[in-house]
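What follows is one structure encoded as C-alpha cells, with my remarks underneath.
A short reminder: the numbers here are calculations on the coordinates, not readings from a lab. Note that the coordinates shown come from a computational prediction; the quantities given were computed from them, not determined experimentally. Glycine gets a Cβ as well: all are built from the backbone with ideal geometry, and neighbour counts include every protein chain shown.
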Ligand code: ADP
Ligand code: MG
C-alpha cells in the first residue's frame, strides 16, 4: 500500500483480464519511436503481470489526434518497440480501442499474453472523461492498473472514469516509484538544506509550484526566461529579453514573501546575451549591462559558480526548468552546469519537467540523479498539491 493505494504486487492477477494504462506517448520521428524511455519504464509492470499469468491489455494515448482516428498517431510503431522488449511474444495491436475489433483481440488472449489497444484519443470520450466510453473500455476487464504517471494529472476516461468501474485496482511499479520519490520531497523532516532550482519559459506556468516551494525550501535558484521577469521586477533593463510584463508585480510579491519566510532567492548576477536566438555569437555581461538590442539567453559563468556553490551544500534538491535556451548549444552551458552540480550533490535529487529531463538526458547524467520523473506537469502538480486525479481514482 502506498498512500491508500494498492500496488501491482498486491493484486491477484492470475488468469484475470487486466487493463493497464501506460504512458506510451513517446516522441516520434519519421514514423518511428525516437525515444523509448517511457516504454522501457513501463516494462517492469508489464512483465510482472505477464509472469503472474494475467491477460494484459495495454491502453495509451499518443499525441493529440483530437478525438478521431488519424493514421499519423497510430500506435503501430509503438507496438514494434514494445515487441522488441518481448521477443518471444506476439504483440497484437487492435485496430480500435473499443468495439468488435478490440473485443476479438482481447478475448483471444491467453494467460500471460499482451495486447495493445489503438490510441485512446481516437475517441473524444477519452479527453472528456466520458463514462460511456469508459464503460466500453471496461468490458471484460477484472483488474485496472495505472502505470501512466505522466497523465495522472489529467481527468481523462482511462485515468479517472475507468477505474471507478473496476473494483480491483492499483498502481504499477513506475507510478509507485514516482509517488514515492516525490513524497520524499514533501516530508516535513526532509534533509536540509533543501534547494530548488527553477527555470524555463514562464513565471505564469510555475507560480503554483513557486508558492508551494516557498513554504518548504531553504533556497531557490532562479534561471531561464523566468529569471528575466524577476530581474526586471528589481529594476534591471534587459533589452529584448523575454519578460512577462504582467507578472512583474507577482515577481515582486514572491520576493517579498521569500524574505518574510527567510527563504534565500538567488537570481543571476550575469547573463549570456546575443542579438538573435539562432546565433552562436554571444557575450557575457553583468545583469546591469544588458545591451538594449540583445536577449538574455543563458545564465553567465559567475552565476553558474554561485549556483554550483549553493547546490554543493544541499541535501535535498528539486529542479524544474532549463537555465537558458538550451536547444541552442551556445546557450546550454548554464543548464549543463546546473545538471553537473546536482549530479555531484551528495543529497537526494529530483528533476521533473519535459524540457528539463530532456536536457539532463542530453548531458548523460540522468543516472546520477536520485529520481528523474517521467512526467512534467504531473510531477509539478503532485509536488504542489500532494494529490493527482489519477491516483485518487485508485483509492476505493
Ligand atoms: P520544463 O518543460 O522542463 O517544465 P519549460 O517548458 O518551462 O521547462 O521551459 C523550457 C523552455 O524554456 C525551453 O524551450 C527553453 O528554451 C526556454 N527558455 C529557457 N530560458 C530561456 C531564455 N532565457 N530565453 C528564452 N527561452 C528560454
Ligand atoms: Mg516544457
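Some notes on this structure:
- Compared with the dominant Cα axis of the chain, that is its longest principal axis, helix 37-51 is turned about 30°.
- Among 177, 387, 367, sorting on how many other beta-carbon atoms sit within 10 Å of each Cβ, with the fewest leading, yields 367, 387, 177.
- With kT/(6 pi eta Rh) evaluated at 25 °C and eta = 0.890 mPa s, and Rh the Kirkwood radius from Cα pairs, segment 199-299 diffuses with a coefficient of 178 µm²/s according to Stokes-Einstein.
- Available extension along the chain between residue 88 and residue 130 is 11.5 nm, counting 0.36 nm per residue and deducting the alpha carbon span.
- Segment 93-156: translational diffusion in µm²/s, Stokes-Einstein, Kirkwood Rh over Cα pairs, 25 °C, 0.890 mPa s: 193 µm²/s
- Helical runs (DSSP H, four residues minimum) scored at -39500 (n - 2.57) apiece and divided by the length of the chain put the mean residue ellipticity at 222 nm at -11000 deg cm²/dmol.
- Volume per residue for segment 293-392 equals 115 cubic angstrom (convex hull of Cα atoms).
- Gyration tensor analysis over the Cα atoms of segment 325-379 returns equivalent ellipsoid semi-axes of 17, 15, 8 Å (largest first, whole Å).
- Global geometry of segment 1-154, whether rounded, prolate or oblate, following the gyration tensor of its Cα atoms and the 1.5 cut on a/c: rounded
- Whole-Å semi-axes of the ellipsoid equivalent to segment 180-242 (Cα gyration tensor, √5λ, descending): 27, 11, 9
- Taking every DSSP beta bridge that has both ends in the chain, the antiparallel portion is near 25%.
- Sorted largest first, extent of segment 243-336 alpha carbons per principal axis (Å): 40, 32, 21
- When both bridge partners sit in segment 224-364, DSSP labels roughly 65% of those beta bridges antiparallel.
- The distance from the alpha carbon centre of segment 64-117 to that of segment 305-336 is 40 Å, rounded to a whole number.
- Here each label is just a point 7 Å from Cα along the line to Cβ, and for residue 281 and residue 111 those points are 7.2 nm apart.
- Model label zone, residue 180; criterion: amide N under 12 Å from point 7 Å along Cα-to-beta-carbon; scope segment 1-41: 1-3, 7-9
- For the chain, a Gaussian network of Cα nodes joined below 10 Å ranks 150, 386, 334 by mean-square fluctuation, and the top entry is 386.
- Virtual paramagnetic centre 7 Å along Cα→Cβ of residue 362, amide N under 13 Å, in segment 327-346: 327-339
- A Förster distance of 45 Å, applied to the separation of the beta-carbon atoms of residue 204 and residue 12, puts the FRET efficiency at 0.45.
- P(r) of the chain over all Cα-Cα pairs, binned every 20 Å from zero, in whole percent: 27, 50, 22, 1
- Subtracting the Cα-Cα distance of residue 396 and residue 140 from their residue separation scaled by 0.36 nm leaves 90.2 nm.
- Gain on full stretching of the segment that runs from residue 44 to residue 234 - 0.36 nm per residue minus C-alpha separation: 63.5 nm
- In terms of other Cβ atoms within 10 Å, 335, 81, 128 run from fewest to most in the order 128, 81, 335.
- Protection proxy ranking for 30-39, 300-309, using the average of other Cβ atoms within 10 Å per residue and placing the highest first: 300-309, 30-39.
- When the Gaussian network model of the chain links Cα atoms closer than 10 Å, the mean-square fluctuations of 68, 29, 259 top out at 29.
- Cα gyration tensor, segment 106-227 - rounded (a/c under 1.5), prolate or oblate: prolate
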